[in-house]
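Data first, discussion second: the structure below is written as structure tokens.
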Amino acid sequence: MTVTWRDVARKDFEDAARSRLLWGLIAVFVAFLVMSLLSAEQLFPEPVTVDAAMALSGVAMLAQLFVPGIALVAGYMSVVGERRSGSLRVLLSYPFSRRDVVTGKLAGRLLVTGTALTVGFAVASVLVVALYGVPDALTFAGFVATGVLLGLTFTALAVGGSAAASTQGRARTLTIGSFVGMVFFWKPVVVGIYYAVTVSLPGIRAESWYFLLKRLNPLEAYRVLAGAVLDERVDAVPEFPLEDVPATASPETLELSNRLAGEVPFYLADWFSVVVLLAWGLVPVIVGYRRFEDADLG
């Protein structure tokens, strides 16, 4: 009998459907999108007439927290859960390699997350049209693509953490701990590094390497991409006002091209954020697989 990682992926996706993980993620994501779109006008500090693009930018602002949460739930138990229950040893009694297991689990959980997000965005498209009018087709497609990419990135990160960890607690620490660090500590650390190097806080003008360090955060990379496709600013949540920038600075003043002394380097171009997200999905899986390959499963 010839078996491959595809068999692992198929079984993993079917198990997720039978355990109601898939349906639970779909229900939660649809509820999130519905509530976000219904309350989109409340997401802006001043009364404005909200069109489809603005409503989607408000959803993107919240999605930077919600979509990774869904992805982490989908992926962090994928390998370590079976490892601790003993079912992984049964799985490896068949002619599967450990690479087949990690690859199959990754594919299965990517399919779970991708399905949940796709169904949610399909429902959202109907609601956007009903509430805010018909959005530009390319704009909405870009919004969906960036959201799905964010979800798949964090699913891969979670599967990599699950493969690397020997216990469920360590898997949670690696995955959820990484996410918490990105949300709450990344920008303060980067600003601290900038201050240590330049003896000043980053102002309206700052060095290009400062913006690179900020954009290496996958959440910031998502905000850049979502803002580019929507042509609207997508703010961080929570926002840490650590830069020496006047509160009255206009959005045009805060555009990257106006904060650099020279030309915008390639690594600060919008497309480079795709590279950052792909790297955050790929590297944890490779590292997790290497640790899993050498691990004692007894």
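Is it true that some residue in the range 26-33 is closer than 23 Å to residue 164 by Cβ, part of a helix (DSSP H, G or I) and among the hydrophobic types (A, V, I, L, M, F, W, C)? Please lay out each step first, then the result.
Of the residues in the range 26-33, the ones closer than 23 Å to residue 164 by Cβ are none.
No - not one qualifying residue is present in the range 26-33.
Residue 135 versus (1) in contact with a Leu (Cβ under 9 Å, 6 or more places away or on another chain); (2) not in a loop (DSSP other than H, G, I, E, B); (3) not aromatic (Phe, Trp, Tyr): which is the lone unmet condition?
The single condition residue 135 does not satisfy is (2).
Go through (1) more than 30 Å from residue 91 (Cα to Cα); (2) open to solvent by 30 Å² or more (accessible area, probe 1.4 Å); (3) touching a Lys or Arg at 6+ places or on another chain (Cβ under 7 Å); (4) part of a helix (DSSP H, G or I) for residue 195 and report which single condition fails.
Here residue 195 meets the rest and fails (3).
Just the residues that are farther than 19 Å from residue 287 by Cα, open to solvent by less than 50 Å² (accessible area, probe 1.4 Å) and of a type outside the set (A, V, I, L, M), please, taken from the range 83-107.
Matches in the range 83-107: 86, 87, 96.
Note down all Cβ pairs under 9 Å where the first residue falls in the range 1-21 and is at negative phi and part of a helix (DSSP H, G or I), the second is open to solvent by 80 Å² or more (accessible area, probe 1.4 Å) and charged (D, E, K, R), and they're at least six residues apart or on different chains.
That search, which allows pairs on different chains as well, returns 5/99.
Report every pair of residues separated by at least 6 positions or lying on different chains whose Cβ atoms are under 6 Å apart, first residue within the range 194-210 and in contact (Cβ under 8 Å) with a residue 60 or more places away in the chain, second loosely packed, with under 14 Cβ neighbours inside 10 Å.
Close Cβ pairs satisfying both conditions: 208/265.
Does the range 74-106 hold any residues that are touching a Phe, Trp or Tyr at 6+ places or on another chain (Cβ under 8 Å), in a helix (DSSP H, G or I) and either closer than 18 Å to residue 294 by Cβ or modelled with pLDDT under 85 (or both), and which are they?
Scanning the range 74-106 gives 98, 99, 100, 101, 102, 103.
For residue 190, which of the numbered conditions (1) touching a Lys or Arg at 6+ places or on another chain (Cβ under 6 Å); (2) open to solvent by 40 Å² or more (accessible area, probe 1.4 Å) fails to hold?
Going through (1) touching a Lys or Arg at 6+ places or on another chain (Cβ under 6 Å); (2) open to solvent by 40 Å² or more (accessible area, probe 1.4 Å) one by one, residue 190 breaks only (2).
I'd like to check something: does the range 238-245 contain any residue that is open to solvent by 80 Å² or more (accessible area, probe 1.4 Å) and over 24 Å from the mean Cα position of the chain (by Cα)?
yes
Return a yes/no flag: does the range 108-120 have any residue that is part of a helix (DSSP H, G or I), farther than 30 Å from residue 230 by Cβ, more than 16 Å from the chain's Cα centre (by Cα) and modelled with pLDDT of 90 or more.
Yes, the range 108-120 has at least one match.
The values are calculated or read from the model by the stated rules, or taken from the named source; none is laboratory data. On a predicted model such as this, the values are computed, not experimentally measured, just so you know. Methodologically, a virtual Cβ is constructed for each residue, glycine included, from the backbone with ideal geometry; neighbour enumeration extends over all protein chains shown. With ligands, DNA and RNA removed, areas are computed over all heavy atoms of the protein, side chains included. Shrake-Rupley method; radii C 1.70, N 1.55, O 1.52, S 1.80 Å.
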